[in-house]
1. It is to be established whether one or more residues within segment 58-79 are part of a strand (DSSP E or B) and under 13 Å from the mean Cα position of the chain (by Cα).
2. Name every residue in segment 19-65 that is within 19 Å of P2 (Cα to Cα) and free of Cβ contacts under 8 Å to residues at least 12 places away in the same chain, in order of residue number.
3. Among the residues of segment 23-54, how many are touching a helix residue (DSSP H, G or I) at 6+ places or on another chain (Cβ under 8 Å), part of a strand (DSSP E or B) and under 17 Å from F84 (Cβ atoms)?
4. What are the residues in segment 1-22 that are assigned to a loop (DSSP other than H, G, I, E, B), under 22 Å from F76 (Cα atoms) and not hydrophobic (A, V, I, L, M, F, W, C), if any?
Amino acid sequence: MPALFFKKPLFLLILEGRKTQTRRLRPLWKEGCIYTTLGGPGLRAYVRITKYYRQRLGDITPAQVKAEGFNNLEEFKTTWIKLFGSWNPETEVHAYEFELIQPRKILRPAP
């Protein structure tokens, strides 16, 4: 099963419990399944997808922006543009809500 990849700052927000949602351009994961989440070399955690839905990018709510780990829509937009190149509110995205299922520590791969 494909892992969920995050930039390190976003991965750390997951460990802090501040990021419990992500939006992606392609549907890759299934509700109810457990996935490895990677945040760079040696940064690994496990999450369970608790909800999946499709949504127009422009329909993201303030509560969803906060669950993405951002303080406001402008911060979310700025990061989205850095990751995906542009912001089009009509773009349909795949939204995933998730929960951290392992203790909030960074797992290091075995030597």
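1. no
2. Selection gives P41 alone.
3. The total comes to 1.
4. K7, G17, R18, K19, T20
Here's the yes/no breakdown for (1) closer than 13 Å to K19 by Cα; (2) of a type in the set (G, A, S); (3) surrounded by 11 or more Cβ atoms within 10 Å (Cβ to Cβ):
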position	(1), (2), (3)
L57	no, no, yes
I60	no, no, yes
Q64	yes, no, yes
F76	yes, no, yes
T79	no, no, yes
E90	no, no, no
H94	no, no, yes
F98	yes, no, yes
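For (1) surrounded by 12 or more Cβ atoms within 10 Å (Cβ to Cβ); (2) of a type in the set (K, R); (3) more than 23 Å from I101 (Cβ to Cβ), each residue gets a yes or a no:
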residue	(1), (2), (3)
P2	no, no, no
L12	yes, no, no
Q21	yes, no, no
L25	yes, no, yes
G39	yes, no, no
N71	no, no, yes
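Values quoted throughout were computed directly from the atomic coordinates according to the rules given, and no laboratory measurement underlies them. For clarity, every value in this text was computed on a predicted model and none was experimentally measured. With ideal geometry, Cβ positions are generated from the backbone for all residues, glycine too; neighbour counts draw on all protein chains shown.
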